[in-house]
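Inspection log for the structure reproduced underneath, given as structure tokens.
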Amino acid sequence: MKFVINVVAATAAVFCAGGALAQKGETVKIAMIEGLSGPMANVGQNQLKNWQFLADPANGVRNPAGVKFEIVGMDSKGSPQEALNTFKAAVDQGFRYIAQGNGSGAALALSDAVAKHNERNPGKEVVYLNYSAVDPALTNEKCNYWHFRLDADTSQKMEALTSFMKDKPEIKKVYLLNQNYSHGQQVSKYFKEGMARKRPDAQMVGDDLVPMGQVKDFSPYVAKIKASGADTIVTGNWGQDLTLFVKALNDSGLKLPMYTYYAGVSGTPTALAAGGEGEVYQIAYNHSNYTGVMGKLANDFQKKFGDDFYTFSIYNGLVLLSEGMAKAKSTDPVKVAAAMEGLKFQGFNGDSEMRKSDHQMQQGLYISKWQKVDKKNPYSAEKTGYTFAPVKYIEAYVASTPTSCQMKRPG
């Protein structure tokens, strides 16, 4: 299968003869509000390194605005309430840009808080870059002008995943295991809706929701999956909740095809490798084996930190922000937000667009499969000797889903 990938240019920005842009040389501080401690801390810490690594101009990320990005990690402990407290602290410290992603509960709380803050504090507006919280509500009924989602939402990913799964006749009995919060609930909902349309013959033989970050032993869930007669597992779990689930599957000897959202996230590749090759798929905007600029960034990151760079949406976030600032000729969040609406740019997957109607990034998606590294797919995830190799690319227009957002714009 041939994949056509637009290679992201690594060249420095060229400014017009009129001289440097108005904002060139300014420092733009971004508060990354994330769970940097607690059960999912390994993911948050990895992503903080991602932000700081990509913000370093030495690493060649496109920056047409010519600004200096400074990323400051602020620990929300993975709690929506702590995220709100942290947001207040960030505002008090003068931050005008925030970033968050792990946990749609925290994302919904932050989006609402940002909207209220901006309404009450003209002249001190804040822009929120969401790099991985995927509840569709954030760009539908709860959309907010100041919120920009860089990841594909659950409905987009599930539309792509179920379109892939419908052509696999061996899938007859599916067991769903997800975290019991908005993201996990939405994975279950959209999967069942998608399969009902595309493969009504497939049975759902289990649908469990687990308390996020609290289950230490998944063996009772594995026993239920065995007893159900399932031939396929679908899970939106991430972090510890996927790593420990994979370990329980390994311990039981149960080997079933598994379709995931976040199997490439910190800790899980190592657990997967302990169980061998298996048949594990991931739906995401990326895979492990990019060439060109993104391949170099991934390899350089692993060399520097001994860890994987997997949250590619952060790259798009910095490019989008810089393109917006260059277009606005300003770092003022009000002008930059207006400039980012509808902005088309070259992202890591080629043509990307921040859709104006709901501030949902439009981008291609990949289905990748866990396998041993080979000549074509050489990147070793967590240095395990295994990798996520692309098996299908879904164009942005195919992965796109409609929105019910009624955007309220300032002024």
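The values are calculated or read from the model by the stated rules, or taken from the named source; none is laboratory data. The structure displayed is predicted, hence computed values, not measured ones. Heads up, the Cβs are rebuilt from the backbone with ideal geometry, glycines too, and the neighbour counts pull from every protein chain shown.
Restricting the first member to the range 38-65 and to residues that are in the same structural domain as Lys304 (by TED's automatic domain parsing), and the second to residues that are of a type in the set (Val, Ile, Thr) and part of a helix (DSSP H, G or I), the beta-carbon pairs closer than 6 Å and six or more apart or on different chains are Asn50/Ile314; Trp51/Ile314; Leu54/Ile314; Arg62/Val319.
All of (1) out of contact with any Ser or Thr (no Cβ under 8 Å at 6 or more places or on another chain); (2) in contact (Cβ under 8 Å) with a residue 60 or more places away in the chain; (3) surrounded by fewer than 20 Cβ atoms within 10 Å (Cβ to Cβ) hold for Lys356 with one exception: (2). If you scan the range 192-222, which residues turn out to be closer than 27 Å to Val43 by Cβ and among the aliphatic types (A, V, I, L, M)? Across the range 192-222, the qualifying residues are Leu209, Val210, Met212, Val215, Val222.
Remark: Asn50 matches the filter, which requires a residue to be touching a helix residue (DSSP H, G or I) at 6+ places or on another chain (Cβ under 6 Å), polar (S, T, N, Q), within 28 Å of Lys216 (Cβ to Cβ) and modelled with pLDDT of 95 or more. So, Asn50, is that one of a type in the set (S, T, N, Q) and not in a loop (DSSP other than H, G, I, E, B) or not? So Asn50 fits the description; yes. Taken residue by residue, the range 339-349 has no member that is charged (D, E, K, R), surrounded by fewer than 19 Cβ atoms within 10 Å (Cβ to Cβ) and not assigned by TED's automatic domain parsing to the domain that holds Val127.
Which ones in the range 393-411 are assigned to a loop (DSSP other than H, G, I, E, B) and of a type in the set (A, V, I, L, M, F, W, C)?
Once the filter is applied, which keeps residues that are assigned to a loop (DSSP other than H, G, I, E, B) and of a type in the set (A, V, I, L, M, F, W, C), the range 393-411 yields Cys405, Met407.
Condition check ((1) over 22 Å from the mean Cα position of the chain (by Cα); (2) small (Gly, Ala, Ser)) across all residues:
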residue: His147; (1), (2): no, no
residue: Thr154; (1), (2): no, no
residue: Phe164; (1), (2): no, no
residue: Asp167; (1), (2): yes, no
residue: Val174; (1), (2): yes, no
residue: Val187; (1), (2): no, no
residue: Val215; (1), (2): yes, no
residue: Ser219; (1), (2): yes, yes
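Considering the range 228-244, and only residues there that are within 20 Å of Val215 (Cβ to Cβ) and in contact with a Leu (Cβ under 7 Å, 6 or more places away or on another chain), the residue that is surrounded by the fewest Cβ atoms within 10 Å (Cβ to Cβ) turns out to be Ile233. When every residue of the range 110-123 is checked against the conditions, none turns out to be in the same structural domain as Glu353 (by TED's automatic domain parsing), part of a loop (DSSP other than H, G, I, E, B) and buried (at least 19 other Cβ atoms within 10 Å of the Cβ).
Please state which one of Ala65, Ala99, Ala152 is touching a strand residue (DSSP E or B) at 6+ places or on another chain (Cβ under 9 Å), part of a strand (DSSP E or B) and either of a type in the set (Val, Ile, Thr) or within 21 Å of Phe345 (Cα to Cα) (or both).
Numbers: Ala65 fails: part of a strand (DSSP E or B); Ala152 fails: part of a strand (DSSP E or B).
From the options Ala65, Ala99, Ala152, the qualifying one is Ala99.
The selection criterion, being among the β-branched types (Val, Ile, Thr), touching a residue at least 60 places away in the same chain (Cβ under 8 Å) and in the same structural domain as Ala133 (by TED's automatic domain parsing), does not hold for Val91. Only one entry of Lys255, Lys247 meets the criterion of being without any contact (Cβ under 8 Å) to a residue 60 or more places away in the chain and either of a type in the set (Phe, Trp, Tyr) or not in a helix (DSSP H, G or I) (or both), and that entry is Lys255.
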